[in-house]
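One structure is given below, encoded as structure tokens.
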Amino acid sequence: MEEEARKLLEEGIRKKLVSPGKGELSTFPNGTKVVFHYRTSLCDGTVLDDSRTMGGQSKPMELILGKKFKLAVWESIIITMRQGEIAEFLCDTKHCTHLTPWKVQRHCCGIAQIHSHHSLGHKDLDQLQASPQPLVFTIELLEVLPPGSFQLDVWAMTDEEKLEFVPQIHEEGNMLFKQGQIKEATDKYYNGIACLKNLQMKEHPGDEAWVKLDHMITPLLLNYCQCKLLEGQYYEVIEHCSSLVFKYEDNVKAYYKRAKAHAAVWNETEARADFAKVLELDPTLGPSVAKELRAMEERIRSKEKEEKGRYKGLFNYNTPPATATTVSAVLSFR
């Protein structure tokens with residue numbers, strides 16, 4: 001313990017033990033996942049950030065050691081802790097000058113836009129960036145998970161790991177879909193698409209690698225659209241399927257799902273056109289298309305019947321309108 005404290009002091013970090021942890025100190029090899037709660041304070045006690053209260057939730061932070069996290073000092077202090085330990089770390093200003101951090105990462109989606117305007121999006125962090133000062137980090141180390149004992153989050157994966165991960169997540173999505181867990185399946189497909197889109201952004205559109213990734217994205221996107229059909233998100237289905245048929249004019253599944261979405265939102269002309277395209281591309285789908293068309297026509301007839309009943313009697317030209325009678329009566333008294 002004294003040796004750890006000495007090394008921290010040499011780096012400009014003063015550690016104060018609040019509550020001891022249990023067991024032996026981990027060696028923390030690269031790839032270790034650490035889960036912890038934290039509170040960030042100024043030296044006068046002003047709290048800047050607290051994972052236990054942020055956003056009305058008590059959500060701990062998770063880090064993968066060796067993944068070059070922006071606030072490098074956190075790795076330096078966490079590797080001195082045992083699981084279950086709580087400690088305070090007073091860190092010199094030199095450790096607190098790169099605030100691309102915790103608060104911004106967890107609360108702001110437009111990070112690139114914020115940084116382009118030289119702001120972190122939070123007044124207190126902007127002041128610290130302009131005038132850095134020592135900070136106190138209070139850390140409670142909840143879990144230490146060795147490499148290989150957990151599923152990596154997508155952000156922590158290498159490009160190779162992402163490519164290996166996609167078939168697995170695709171299969172998991174299919175299993176969840178078969179079990180009727182549509183929301184969970186949707187999330188799996190979405191994560192798979194996000195993985196591949198991240199890789200695709202590094203390639204030039206139209207290049208061989210880009211096209212290969214796009215062919216991997218397509219079945220995931222079609223499965224995602226099937227989930228969205230069941231969830232009633234018809235316009236989202238139309239948007240995604242339109243993007244697919246724009247690139248792949250012979251994608252019968254995209255036309256079929258878009259036709260069903262159009263039918264669901266009363267776009268009869270568009271639905272019929274898409275169903276016709278489905279039959280052109282795959283005549284064996286005739287029975288399925290006929291069934292969908294009958295269902296659409298029945299819904300249209302029911303809607304028209306309902307509307308006729310709703311407006312029946314509102315316009316009876318054999319009886320003078322009530323307003324006209326009232327006006328005549330008024331005029332007769334003048």
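The values are calculated or read from the model by the stated rules, or taken from the named source; none is laboratory data. Everything quoted here is computed from the prediction, not taken from an experiment. So basically every Cβ, Gly included, is an ideal-geometry build from the backbone, and we count neighbours across all protein chains shown. We work out accessible area using only protein heavy atoms, side chains counted, and drop any ligands, DNA or RNA first. Shrake-Rupley method; radii C 1.70, N 1.55, O 1.52, S 1.80 Å.
Are any of the residues in the stretch 211-230 touching a helix residue (DSSP H, G or I) at 6+ places or on another chain (Cβ under 6 Å) and among the β-branched types (Val, Ile, Thr)? Checked against the condition, which is being touching a helix residue (DSSP H, G or I) at 6+ places or on another chain (Cβ under 6 Å) and among the β-branched types (Val, Ile, Thr), the stretch 211-230 yields at least one hit. Looking only at residues in the stretch 4-36 that are β-branched (Val, Ile, Thr) and in contact with a Pro (Cβ under 8 Å, 6 or more places away or on another chain), the one that is modelled with the lowest pLDDT is Thr32.
Comparison of Ile169, Ile114, Ile139 shows that the only residue that is at pLDDT below 80 and not charged (D, E, K, R) is Ile114. For the stretch 65-92, a residue qualifies if it is open to solvent by less than 10 Å² (accessible area, probe 1.4 Å) and aliphatic (A, V, I, L, M), and the qualifying residues are Leu65, Leu71, Val73, Ile77, Ile78, Met81, Ala87. Take the residues of the stretch 1-52 that are in a loop (DSSP other than H, G, I, E, B) and of a type in the set (A, V, I, L, M): which is surrounded by the fewest Cβ atoms within 10 Å (Cβ to Cβ)? Filtering first and then ranking leaves Met1.
Please pick out the residue among Leu230, Leu199, Leu222 that is in the same structural domain as Met175 (by the TED database) and over 26 Å from Met296 (Cα atoms). Break it down into steps so the answer makes sense when it comes.
Details: Leu230 fails: over 26 Å from Met296 (Cα atoms); Leu222 fails: over 26 Å from Met296 (Cα atoms).
Among Leu230, Leu199, Leu222, only Leu199 is in the same structural domain as Met175 (by the TED database) and over 26 Å from Met296 (Cα atoms).
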